[in-house]
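These notes are about the structure you will find just below.
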Amino acid sequence: MPSAAAIDEFLATVRFDADGLVPAIAQAREGGEVLMMAWMNRESLIETLTTGRVTYWSRSRRQLWRKGDTSGHIQVLHELRVDCDGDTLLAIVDQTGAACHTGARTCFFRKADETGLVAAETFSPCGHEH
C-alpha cells in the first residue's frame, strides 16, 4: 500500500469537478479490456489506494460503493493512473466475475453500426475480434 505522502502527492494531481468527482475507467490487467466507467471522489480514491479494493462514489445512492460488496464481482487494484490533465483516472484491475450490473463482462457490450445498435464482438488480448 502507498504511504500517506504518496497518496497526498497522487491526490494533488487529480482535478475533481465541481461536484468533487473524477471519472475512473476500469481496465482489465489481463488482456487490457475496458470494463467500465464510474466516478470517484476524494474519499473513494483514498479507500481504493489504501485497501487495494476499487471503491467508487455512487451518484444515485450518494455513498461509497466498493465494487463487488453485494455482487461478489470485485475489482482488486493493480495500478492506478491519472491522465495528463489530471481529470480522468485509469484503474488497472483484476476483475472477478462481471464488471457490468447487467451481468456482462464489460459495460461496453454494444456498438453502433450501419444497422443501428448491435452487440459488440469481444476482443482477445491480441486485439482480434471474436
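Sequence-distant contacts, meaning Cα pairs under 8 Å at least 6 residues apart, place the relative contact order of the chain at 23 percent. For the stretch 50-86, trypsin sites (Lys or Arg not before Pro) meeting the loop criterion (DSSP other than H, G, I, E, B) and having at most 15 other Cβ atoms within 10 Å: ARG59, ARG61, ARG62. Between ALA6 and ILE74, the modelled label-to-label distance comes to 2.0 nm, taking each label 7 Å out from Cα in the direction of the beta carbon. Annotation: amide H-H contacts under 5 Å for VAL14 (H modelled 1.01 Å from N, sequence separation of 5 or more, or interchain): none.
Among THR88, THR115, THR13, the largest mean-square fluctuation in a Gaussian network model of the chain, built with springs joining Cα atoms closer than 10 Å, belongs to THR115. Per residue, the solvent-accessible area of the chain (1.4 Å probe, heavy atoms of protein chains only, all protein chains present) comes to 60 Å². Once the Cα atoms are used to define both axes, helix 42-51 deviates from the longest principal axis of the chain by about 80 degrees. Largest GNM mean-square fluctuation among ASP19, ASP94, ASP83, using the chain with Cα springs under 10 Å: ASP19. Taken one residue at a time, the phi angles of the stretch 76-89 give Karplus couplings (6.51, -1.76, 1.60, θ = phi - 60°) of 9, 6, 9, 7, 10, 10, 10, 6, 4, 8, x, 10, 8, 10 Hz. Gly and Pro are set to x.
Under 5 Å between amide hydrogens, built in the peptide plane, is the criterion, and for ARG53 it picks out LEU77 among residues at least 5 positions away or on other chains. The computed semi-axes √(5λ) of the Cα gyration tensor in Å for the structure shown corresponds, within [x] 27, 16, 15; [y] 39, 18, 11; [z] 32, 19, 16, to [x].
Taking all protein chains together and a 1.4 Å probe, the residues GLU114, GLU33, GLU43 rank GLU114, GLU43, GLU33 from largest to smallest accessible area.
Annotation: amide H of GLN27 within the under-5 Å range of LEU35, ALA91, ILE92, VAL93, sequence separation 5 or more or interchain, hydrogens built in the peptide plane.
With a cut-off of 14 Å between beta carbons, the residues surrounding THR48 carry a summed charge of 0, where Lys and Arg count +1 and Asp and Glu -1. For the stretch 7-130, what % of the accessible area comes from carbon and sulfur atoms, probe 1.4 Å? Reported share for carbon and sulfur atoms: 52 percent. Among GLN95, GLN63, GLN27, the residue with the largest mean-square fluctuation in a Gaussian network model of the chain, with springs joining Cα atoms closer than 10 Å, is GLN63. Specify whether the C-alpha gyration tensor of the stretch 10-84 places it in the rounded, prolate or oblate class, a ≥ b ≥ c being the square roots of the eigenvalues: rounded for a/c under 1.5, otherwise prolate if a/b is larger than b/c and oblate if not. Oblate.
The values are calculated or read from the model by the stated rules, or taken from the named source; none is laboratory data. Worth saying up front: this structure is predicted, and the values here are computed from it rather than measured. Reconstructed Cβ throughout: ideal geometry from the backbone, glycine too, with neighbour counts over all protein chains shown. Surface accessibility is based on the protein's heavy atoms, side chains included, excluding ligands, DNA and RNA. Shrake-Rupley method; radii C 1.70, N 1.55, O 1.52, S 1.80 Å.
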